[in-house]
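Heads up, the thing below is written out as structure tokens.
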């Protein structure tokens, strides 16, 4: 009987460990919502301080679903009446699921102007947008090219307090364990009237405007990323410098990219 009790206790420990392995979380330092270091928010008051400041990210597999949560530095608002509890943010969650048979990419979706380092290629990206799933899918179908099969669009994305969240089918992400995946979270802004080459993303210009971020360039060589995960994802202050380093870029005289900002995925 004693041996049976010990075996049952050991089984519970193993089950508990397996459950813990199905969840992964990262933190990001506050106040680094400056892109490569000098970006500033648009001037319209709907872009409130901290509203693009990534502070935490969590992915949790529960049954047949993977729940994603992105927490920001300001309370979410819906000034444009999107109906999902938020309006101005747009989040891209890039994932390497470890599926060696999947197609991997070192470029990003159109409009972000970032690349991914060798060894940090991604095979899935979940888009968290306040716009309807149908509108996002239409944009992906027309603009994502060879990447569109790697894009996962939740049927609904919600915002509450400071957290944007969504659930997607685990099978759409390969059905594996999020604790073994690599992640990169790119915070952008929802753009209802994007350029023909941009997937619902807001541009960064040299000078900020009512609905334009400033601190970049008027060409097409600066990264359109306001905040990302960096370092080991612990939230340590020095991780802000790691972000600025990853988002560093160089432009040619004609405004094209000489050296793109190059991101790395982070893992537990």
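See the values below:
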| quantity | calculated |
| --- | --- |
| Residue count for segment 125-147, restricted to those that are surrounded by 14 or more Cβ atoms within 10 Å (Cβ to Cβ) and farther than 20 Å from residue 189 by Cα | 1 |
| Some residue of segment 241-248 being in contact with a strand residue (DSSP E or B) (Cβ under 8 Å, 6 or more places away or on another chain) and either farther than 15 Å from residue 112 by Cβ or in a loop (DSSP other than H, G, I, E, B) (or both) | yes |
| Qualifying residue in segment 198-221 (condition: in contact with a helix residue (DSSP H, G or I) (Cβ under 9 Å, 6 or more places away or on another chain), over 16 Å from residue 126 (Cα atoms) and not in a strand (DSSP E or B)) | yes |
| Qualifying position, being without any contact (Cβ under 8 Å) to a residue 60 or more places away in the chain and either farther than 24 Å from residue 223 by Cα or in a strand (DSSP E or B) (or both), among 101, 115 | 101 |
| Residue count, segment 176-233 (criterion: under 25 Å from residue 141 (Cβ atoms) and surrounded by fewer than 16 Cβ atoms within 10 Å (Cβ to Cβ)) | 5 |
| Checking residue 77 against (1) within 13 Å of residue 161 (Cβ to Cβ); (2) touching a residue at least 40 places away in the same chain (Cβ under 8 Å), the condition it does not meet | (2) |
| Flag for residue 189 being closer than 13 Å to residue 111 by Cβ and under 16 Å from the mean Cα position of the chain (by Cα) | yes |
| Scan of segment 241-268 for residues that are within 18 Å of residue 226 (Cα to Cα), surrounded by fewer than 19 Cβ atoms within 10 Å (Cβ to Cβ) and touching a helix residue (DSSP H, G or I) at 6+ places or on another chain (Cβ under 8 Å), ordered by number | 262, 264 |
| Selection count, segment 63-92, where residues are in a loop (DSSP other than H, G, I, E, B) and surrounded by 24 or more Cβ atoms within 10 Å (Cβ to Cβ) | 2 |
| Hits in segment 1-47 - residues which are at pLDDT below 90 and assigned to a loop (DSSP other than H, G, I, E, B) | 1 |
| Residue among 149, 192 that is on the phi < 0 side of the Ramachandran plot and assigned to a loop (DSSP other than H, G, I, E, B) | 192 |
| Verdict on residue 231 being part of a loop (DSSP other than H, G, I, E, B), within 17 Å of the chain's Cα centre (by Cα) and free of Cβ contacts under 8 Å to residues at least 40 places away in the same chain | yes |
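Table: residues versus (1) within 22 Å of residue 224 (Cβ to Cβ); (2) surrounded by 14 or more Cβ atoms within 10 Å (Cβ to Cβ); (3) free of Cβ contacts under 8 Å to residues at least 60 places away in the same chain.
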residue	(1), (2), (3)
29	yes, yes, no
35	yes, yes, no
41	yes, yes, no
45	yes, no, yes
52	yes, yes, no
59	no, yes, no
105	yes, yes, yes
109	yes, yes, no
122	yes, yes, no
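The values are calculated or read from the model by the stated rules, or taken from the named source; none is laboratory data. No experiment lies behind these values; they were computed from the predicted model shown. Cβ: placed from backbone, ideal geometry, glycine included. Neighbour counts: every protein chain shown.
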